[in-house]
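Structure first, then comments.
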Amino acid sequence: MNIIKEADFRKQIKSAPEKCYLFFGEEEYMKNYALKLAKQTISPDPTLAFFNELSLDGLTYSPSALLDAIMPAPMMAERKIVIVQGLDFTGMKSGDVDDLCQSLDSLDEYDYNTVIISVAPDKIDTGILPHRPSAILQRLSEYAVCVNFEKNTPARLASWISKHFEHNGVTATPNVCMALIDRCGRDMYSLASETDKLSFYALSYGKNTVTLQDVAQVAIAAMEYDAFAFTNSIAARKQKEALDILYDMKSRRLEPIIIMSKVTETACDMLSVAVLMRDGLTCKEISRVLKMHEFRVSKLMGAQVSEQLCRHMISACKKADLQIKSYGGGYEILERLICTI
């Protein structure tokens, strides 16, 4: 199998792009950054984007639609890019996978394309990497270079935050960068937002350095508690409580797409815990199986949400997430989610 890292992809897309890539892994922020880089590199002229930058999602994708996107030659350019998002390989039938692979096989004939299939972390079974990849990952690797977007370590995140601060015209010591991670968590969407906010806060006071005091006063603590409380309120059908939490998150300008990802993640964790509880596992055993901290496991166990309701919530979250990504906005979609569970 040919599995490369995100840094290798960035080098490759600028010099010798492959015909097809499969993006998978946990770090959604870097996936979206890599997609943006690929579009800017392969289709740099925005006036020709209609012809050279095509997108399909879970609603518009079909093997024939993909083939229709692949066949036309690029307009006044050497290559064009086709991006496919929203596919769920965990529920895809083998015949549908065969049809997808058949469409990708045509890239040898229409070799002016770069197709990127970007898959959400919970929508594909990757197996145990690097030694035991799943069957679906092995199958897709016959047609695509697989790019693994692994969760960044705190050290790498601290380095990235430092560069982000510098880009905004301020500096921060490694201790300050690590303090920001400790306070806000490892979600790169949240960290990017908080880094920008701290940068502009410092500059507004005529400072060019962000301090530990700035982090404590300005940065918003990680929304793990918010996500659990919000998801638990939705599951318990406490609509007023859920709307109050959403209003608070909205007032703090948390992006709907970030809220949605955290709610979906929490609902999936609730389902995993509910299944293992049904099998009679203790909190400590569940923690070991899921590689999840016991404190979080105990909170999820205390929610006592049924498997059926968890599955219903995950399905509703999937539809809401797709609507947010397809049409923008999002707070009204989250409000609708609260009122329809």
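Might you check whether a residue that is hydroxyl-bearing (Ser, Thr, Tyr), surrounded by 15 or more Cβ atoms within 10 Å (Cβ to Cβ) and touching a strand residue (DSSP E or B) at 6+ places or on another chain (Cβ under 7 Å) occurs anywhere in the range 58-76? Among the residues of the range 58-76, at least one is hydroxyl-bearing (Ser, Thr, Tyr), surrounded by 15 or more Cβ atoms within 10 Å (Cβ to Cβ) and touching a strand residue (DSSP E or B) at 6+ places or on another chain (Cβ under 7 Å), which makes the answer yes. Cβ separations smaller than 8 Å between residues 6+ apart or across chains give the following pairs from the range 151-174 residues that are in contact (Cβ under 8 Å) with a residue 40 or more places away in the chain to residues that are open to solvent by less than 50 Å² (accessible area, probe 1.4 Å) and charged (D, E, K, R): LYS151/GLU27; ASN152/GLU27. Could you tell me whether any residue of the range 38-47 is touching a residue at least 24 places away in the same chain (Cβ under 8 Å), of a type in the set (Lys, Arg), more than 15 Å from GLU78 (Cα to Cα) and out of contact with any helix residue (DSSP H, G or I) (no Cβ under 6 Å at 6 or more places or on another chain)? Looking through the range 38-47, none of the residues is touching a residue at least 24 places away in the same chain (Cβ under 8 Å), of a type in the set (Lys, Arg), more than 15 Å from GLU78 (Cα to Cα) and out of contact with any helix residue (DSSP H, G or I) (no Cβ under 6 Å at 6 or more places or on another chain). If you check LEU281 against the conditions, is it over 25 Å from ARG336 (Cβ atoms) and buried (at least 17 other Cβ atoms within 10 Å of the Cβ)? Considered against the rule, which asks whether it is over 25 Å from ARG336 (Cβ atoms) and buried (at least 17 other Cβ atoms within 10 Å of the Cβ), LEU281 comes out as yes. Within the range 150-158, can one find any residue that is of a type in the set (Ser, Thr, Tyr) and at pLDDT 95 or above? No, the range 150-158 contains no residue that is of a type in the set (Ser, Thr, Tyr) and at pLDDT 95 or above.
The set of residues in the range 295-318 being part of a helix (DSSP H, G or I), open to solvent by 80 Å² or more (accessible area, probe 1.4 Å) and farther than 20 Å from LEU254 by Cα consists of PHE295, GLN308, ARG311, HIS312.
The set of residues in the range 82-91 being more than 12 Å from LEU66 (Cα to Cα) and open to solvent by less than 40 Å² (accessible area, probe 1.4 Å) consists of LEU87, ASP88, PHE89.
Regarding LEU254, is this residue within 25 Å of MET188 (Cα to Cα), within 23 Å of the chain's Cα centre (by Cα) and outside any helix (DSSP H, G or I)? For LEU254, the condition - within 25 Å of MET188 (Cα to Cα), within 23 Å of the chain's Cα centre (by Cα) and outside any helix (DSSP H, G or I) - is met.
Every residue in the range 125-163 that is closer than 17 Å to TYR33 by Cβ, out of contact with any strand residue (DSSP E or B) (no Cβ under 9 Å at 6 or more places or on another chain) and part of a loop (DSSP other than H, G, I, E, B), please. ASN152 - this is the single residue of the range 125-163 that is closer than 17 Å to TYR33 by Cβ, out of contact with any strand residue (DSSP E or B) (no Cβ under 9 Å at 6 or more places or on another chain) and part of a loop (DSSP other than H, G, I, E, B).
Condition check: charged (D, E, K, R), open to solvent by 40 Å² or more (accessible area, probe 1.4 Å) and free of Cβ contacts under 8 Å to residues at least 40 places away in the same chain. Does ARG288 satisfy that? For ARG288, the condition - charged (D, E, K, R), open to solvent by 40 Å² or more (accessible area, probe 1.4 Å) and free of Cβ contacts under 8 Å to residues at least 40 places away in the same chain - is met. One residue stands out among those in the range 208-220 that are open to solvent by less than 70 Å² (accessible area, probe 1.4 Å) and either over 20 Å from ALA158 (Cβ atoms) or not in a helix (DSSP H, G or I) (or both): the one that is modelled with the lowest pLDDT, which is ILE220. Can you tell me which of LYS19, LYS31, LYS36, LYS14 is open to solvent by 70 Å² or more (accessible area, probe 1.4 Å) and either within 22 Å of the chain's Cα centre (by Cα) or of a type in the set (Val, Ile, Thr) (or both)? Exactly one residue qualifies, and that residue is LYS36.
The values are calculated or read from the model by the stated rules, or taken from the named source; none is laboratory data. Model, not experiment: these values are computed from the prediction. Because the Cβ atoms are built from the backbone with ideal geometry, glycine has one as well, and the counts that use them run over all protein chains shown. Areas reflect the complete protein model, heavy atoms only, side chains present, ligands, DNA and RNA absent. Shrake-Rupley method; radii C 1.70, N 1.55, O 1.52, S 1.80 Å.
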